[in-house]
Amino acid sequence: MGLFSTLLGIFGFGIGSLLGLLVGFFLFIYSEPEEVKDPVIRPLHELDSSTLQGLLPEMPMWVKFSDYDRVDWLNKFLFDIWPYLDKAICSTIGSMAPPIFKEYIGKFHIEAIEFDKLSLGTMPPILYGLKVYETNENELVMEPAFRWAGNPNIVLVVKLLSLRITIQLVDLQVFAAPRVTLKPLVPTFPCFASIVVSLLEKPHVDFGIKILGGDIMSIPGLYRFVQETIKKQVASLYLWPQTLEIPVLDASAVAKKPVGILHVKVVRALKLLKMDILGSSDPYVKLSLTEDRLPAKKTTVKMNKLNPEWNEKFKLLVKDPQTQALELQLYDWDKVGRHDKLGMQLVPLKVLTPGLTKELVLDLVKNTNINDPQNKKRRGQIVVELAFVPFKSESSKLNGTEYGRSESGISRSSDSSESLGGAGLLSVLIQGAEDVEGEHHNNPYALLCFRGEEKKTKMVKKTRDPLWNEDFQFMLDEPPLQDKIRIEVMSKSRAIFRAKESLGYVEINLDDVVHNGRINQKYHLIDSQNGRIHIELSWTKA
């Protein structure tokens, strides 16, 4: 009876399926399709508040906020370049992944990890708006709002206990509003040293994971748990003010800034060559650092001396103590004609211990070519005392002390009770000016006056918004607490009459610079209607 019922059930199912297919086929053929109606398009002002609230998240940022720019051209650019960008990104990921995978080999019985397929798909991210900020710092700040509903094909193969397990990422969706900062800007392609990224709000991340072809995200409760965990982890790492910094160039190698002061005391020289007719010499010493374009410093001339004593002190700015060297050159002064070279020597700064004075007795040679036979000739000796003193900010990094930046961009030491006294470096960076206007011509340059010393920038012709970006440095034995610095914007013409013209000036008290360590702002020019000048001042203690 049971067998008969089973056979009858199978027969009934087959007959019913065939009859259902025939009826459906005839209904599909002979039934008239309904007319497809066009969707109703209504302007926004006719929609009620609840409908608008539902549409608001889907609107582009440039619609909701007027300070966001519409960047359809950039989306078109991304669409055209995406096939090539996809290959470049995947190639980079493929080269970076093996060292990371190698750390897990041998753990949990894992024998190998590798990519079987790696592609970001055919659908690029779409930018829904872009905001660009203008700051006083040497940086470019952008806030793009993007959405990426991609179709990537990423398959990871894990060999575990001789089993080949495939893990596939599918249906990836990322909605985020990051803040991207390119800093510092440098005169070397791609013109920025690093990319700093932070998230302004928690991102939306959605994806599916298939293991051995089965979608594990369909397990009840697992999907929500994974999504919430990812959002919390990403937010804790990169939600503002937390940042992710991606180095692009070595900023110190591109735009080197002074990191310390080299104190040089030229003590004496011994047994110099006789260069004069009367059997003597008139020696003096020129000092300079390699990789530095500043003019060399000179000692006084000691007349008729073969064992001169100077005991003269000099200070030189050091930008890279690992590669720079002190170059000492001795000359015989002549009243007429060219000065004869007595000898020279190089001292690599990396042989010096920071903060300690070292006395050196150096044999003079003709040149730096060690294979030159003339270097075997005795030319005398020179005695110098050297001490490399790093700036406080640099030495603190070496010792593990943190130096931060406040919200206003002012650098401060973590020890606020530290004395302000002592030698240091005053740096004046004249970045540019805005809305400077002359009555007769506009060929502006900036003239800096400090303690009777004048320095000026290059001249930029025919502009009211010059950009100079020139740095001037002053080594001082004590903080300039009572000093002022005057910077005047001038205009110069080749004409005989009205050749020079003042476009405005500013006087800055340096007391605030010493106490704060750094000030970066735009000043209104005195005697100018709308002119402003952008100046960055910093005081670094040695």
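The values are calculated or read from the model by the stated rules, or taken from the named source; none is laboratory data. Bear in mind that the values here come from a model prediction, so they are computed numbers and not experimental data. A quick note on method: Cβ atoms are made from the backbone with ideal geometry, for glycine too, and the neighbour counts reach across all protein chains shown. For the accessible areas, the whole protein counts, side chains as well, though only heavy atoms, and no ligand, DNA or RNA atoms are used. Shrake-Rupley method; radii C 1.70, N 1.55, O 1.52, S 1.80 Å.
Of the residues S528, S91, the one with the largest accessible area comes first in the ranking S91, S528, computed with a 1.4 Å probe on protein heavy atoms. Model label sites at D512 and Q233, defined 7 Å from Cα along the beta-carbon direction, differ in position by 4.7 nm. Computed from the Cα positions only, the extents of region 260-390 along the three principal axes stand at 46, 32, 26 Å, in decreasing order.
The length gained on full extension between F225 and D465, counted as 0.36 nm times the residue separation minus their Cα-Cα distance, comes to 80.9 nm. Loop-located GluC sites (Glu not before Pro) in region 32-92 (DSSP state other than H, G, I, E, B) with a sparse environment of at most 15 neighbouring Cβ atoms within 10 Å: E34, E35. Helix 2-30 and the long axis of the chain differ in direction by around 70°, with both axes built from C-alpha atoms. Could you give the angle, 0 to 90 degrees to the nearest 10, between helix 222-238's Cα long axis and the longest principal axis of the Cα atoms of the chain? It works out to around 10 degrees. Mind giving me the FRET efficiency for T122 and Q322? R0 is 51 Å, r the Cβ-Cβ distance, nearest 0.05 is fine. The value I calculate is 0.60.
Working from Cα pairs under 8 Å separated by at least six residues, relative contact order for the chain is 8 percent.
A simple packing score, the average count of other Cβ atoms within 10 Å per residue, orders the peptides 212-222, 430-440 as 430-440, 212-222, with the highest score first.
Set the Förster distance to 45 Å, then compute FRET efficiency between E359 and K484 from the Cβ-Cβ distance, nearest 0.05. Rounded to the nearest 0.05, the efficiency is 0.65.
Here region 294-375 exposes an accessible surface that is 50 percent carbon and sulfur, computed with a 1.4 Å probe and the other protein chains kept in place. Using the rule -39500 (n - 2.57) for each DSSP H run of four or more residues, divided by the residues of the chain, the 222 nm mean residue ellipticity is -6000 deg cm²/dmol. Which loop-located trypsin sites (Lys or Arg not before Pro) does region 307-357 contain, where loop means any DSSP state but H, G, I, E or B and the Cβ has at most 11 other Cβ atoms within 10 Å? Loop-located and lightly packed - K335, R338.
Our estimate of slack between K313 and K350, defined as 0.36 nm per intervening residue step minus the Cα-Cα distance, is 11.3 nm.
Taking only protein heavy atoms and a 1.4 Å probe, the accessible area of region 424-541 is 43% carbon and sulfur.
Note on T92/T188: beta-carbon distance plugged into 1/(1 + (r/R0)^6) with R0 of 30 Å gives a FRET efficiency of 0.90. Of the listed residues M123, M475, the order by accessible area with a 1.4 Å probe, largest first, is M123, M475.
Computed over protein heavy atoms with a 1.4 Å probe, the carbon and sulfur contribution to the accessible area of region 56-247 reaches 64%.
Set the bar at 20 Å for Cα to Cα. Now go through K335/K455; K183/K392; K458/K492; K257/K298; K286/K315; K265/K297 and name every pair that lies beyond it. From the list (K335/K455; K183/K392; K458/K492; K257/K298; K286/K315; K265/K297), the Cα-Cα distance tops 20 Å for K335/K455; K183/K392; K257/K298.
Among the GluC sites (Glu not before Pro) within region 105-149, those in coil by DSSP and having at most 12 neighbouring Cβ atoms inside 10 Å are E134.
If I stretch the segment between R293 and M475 completely, what's the gain in nm (0.36 nm per residue apart, minus their alpha carbon distance), one decimal?
So the chain would gain 63.9 nm between R293 and M475.
The modelled label-to-label distance for the pair R494/L74, using points 7 Å beyond Cα in the direction of Cβ, is 4.3 nm. For region 56-247, the spread of Cα coordinates along the three principal axes comes to 58, 42, 34 Å, biggest extent given first. The residues of the chain present an accessible area of 63 Å² per residue when probed at 1.4 Å with all protein chains retained. Site pair S49 and E114 shows an inter-label distance of 6.2 nm when each label is modelled 7 Å from Cα along Cα→Cβ. Shown are K456, K37, K358, whose ranking by accessible area with a 1.4 Å probe and every protein chain present, most to least, is K37, K456, K358.
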